[in-house]
Amino acid sequence: QLRDHGVGAESVVGLCLQPCVARVVALLAVLKAGGAFVPLDPEYPRSRLEHMIAETRPRVVVFGDGLRAAIGGVTCAVLVLDEAAERLATGAAAVLTTDCVSADNLAYVIYTSGSTGTPKGIACHQRGLANLAAAQIKAFDVKADSRVLQFASFGFDASVSEVAVALAAGATLILAKREMLFPGDTLAQFLDSERISHVTLVPSVLAMLPCTTLPVLETIVSAGEACPG
């Protein structure tokens, strides 16, 4: 479907989806089609999402169920998953090749927080994504039997790391609704019940975890803020 809309090398595709398997599938689909994804977190204010759309000028925006109203003024092609479910399910199962894509082509666009002004889009290339996954798999000792939590918000660069590292290593990527990941006891219980082995948490969230036993947890990555001793 993305290829039918002309997605290929250097094409940007907006992804506005809630945390779910479909979001990961859509991200992989954009890369497989040869394009570059821009995460459009539906939790962001509408004005910010519309700014991102206007700046990145995507060829297609993929919306999750019930999210089409999250962004106004979209003039490009739109793919709404719940409306297109039957068409997607019965579509051709042709094997796509990405021979036209090189390591220098765009892989994704991630936006800064905007805490110091207008959010800025950072263009990241295929080479960087591949190197990030390879380096972090080695540094974090991610293996095929690892279970990596997708904790970061979709619009943060850490989410790209979580997805790429887990899947490139053949590990399991664990998704959850936001209410299951509230800092404190709720998060600790989830880490335990889902046997999470690898997690990335900012220091402020890490500090809120209770003193408890998590026998399966092997690696904690802490980033994004100054980490006190």
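The values are calculated or read from the model by the stated rules, or taken from the named source; none is laboratory data. All values derive from a computational prediction rather than experimental measurement. No Cβ is skipped: glycine too gets one built from the backbone with ideal geometry, and neighbour counts run over all protein chains shown. All accessible areas refer to the heavy atoms of the entire protein, side chains included, with ligands and DNA or RNA removed. Shrake-Rupley method; radii C 1.70, N 1.55, O 1.52, S 1.80 Å.
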Problem - Hey, Ile220 outside any loop (DSSP other than H, G, I, E, B) and farther than 25 Å from Gly14 by Cβ or not - result: yes
Handout entry: Check on Val7, aliphatic (A, V, I, L, M), open to solvent by less than 50 Å² (accessible area, probe 1.4 Å) and either outside any loop (DSSP other than H, G, I, E, B) or more than 25 Å from Gly128 (Cα to Cα) (or both)
Key = no
Exercise for the section: Looking only at the stretch 23-32, decide whether some residue is part of a loop (DSSP other than H, G, I, E, B) and out of contact with any Leu (no Cβ under 6 Å at 6 or more places or on another chain). Expected result: no
Completion exercise
The number of residues in the stretch 116-129 that are out of contact with any strand residue (DSSP E or B) (no Cβ under 9 Å at 6 or more places or on another chain) and open to solvent by 70 Å² or more (accessible area, probe 1.4 Å) is 2
Handout entry: Pairs with Cβ under 6 Å, 6+ apart, first in the stretch 148-162 and in contact (Cβ under 8 Å) with a residue 40 or more places away in the chain, second open to solvent by 20 Å² or more (accessible area, probe 1.4 Å) and in a helix (DSSP H, G or I)
Key = Ala152/Ala158
Problem - Of the criteria (1) in a helix (DSSP H, G or I); (2) open to solvent by 20 Å² or more (accessible area, probe 1.4 Å), which one Ala94 fails - result: (1)
Handout entry: Hits in the stretch 120-150 (condition: closer than 15 Å to Thr172 by Cβ and either among the aliphatic types (A, V, I, L, M) or modelled with pLDDT under 95 (or both))
Key = Ile137, Val142, Ala144, Val148, Leu149
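The rows are residues; the columns are (1) in contact with a Ser or Thr (Cβ under 7 Å, 6 or more places away or on another chain); (2) closer than 19 Å to Arg23 by Cβ; (3) open to solvent by 30 Å² or more (accessible area, probe 1.4 Å); (4) in contact (Cβ under 8 Å) with a residue 40 or more places away in the chain.
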{"position": "Val80", "(1), (2), (3), (4)": "no, yes, no, no"}
{"position": "Ala89", "(1), (2), (3), (4)": "no, yes, yes, no"}
{"position": "Gly114", "(1), (2), (3), (4)": "no, no, no, yes"}
{"position": "Ile137", "(1), (2), (3), (4)": "no, no, yes, no"}
Problem - Flag for Asp185 being touching a Pro at 6+ places or on another chain (Cβ under 7 Å), open to solvent by 50 Å² or more (accessible area, probe 1.4 Å), of a type outside the set (Gly, Ala, Ser) and more than 24 Å from Leu49 (Cα to Cα) - result: yes
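Name the residues in the stretch 10-22 that are under 23 Å from Glu179 (Cβ atoms) and surrounded by fewer than 22 Cβ atoms within 10 Å (Cβ to Cβ), would you?
Residues satisfying the conditions are Gln18, Pro19, Cys20, Val21, Ala22.
Report the residue count in the stretch 209-229 for those that are in contact with a strand residue (DSSP E or B) (Cβ under 9 Å, 6 or more places away or on another chain) and either of a type outside the set (S, T, N, Q) or exposed (fewer than 13 other Cβ atoms within 10 Å of the Cβ) (or both).
Total meeting the criteria: 8.
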Fill in the blank from the handout: Of Ala84, Ala103, Ala107, the only residue that is part of a helix (DSSP H, G or I), touching a residue at least 24 places away in the same chain (Cβ under 8 Å) and open to solvent by less than 50 Å² (accessible area, probe 1.4 Å) is Ala84
Practice task
Just give me the residues in the stretch 33-53 being under 16 Å from Thr98 (Cα atoms) and surrounded by fewer than 17 Cβ atoms within 10 Å (Cβ to Cβ), in sequence order.
Solution key: none
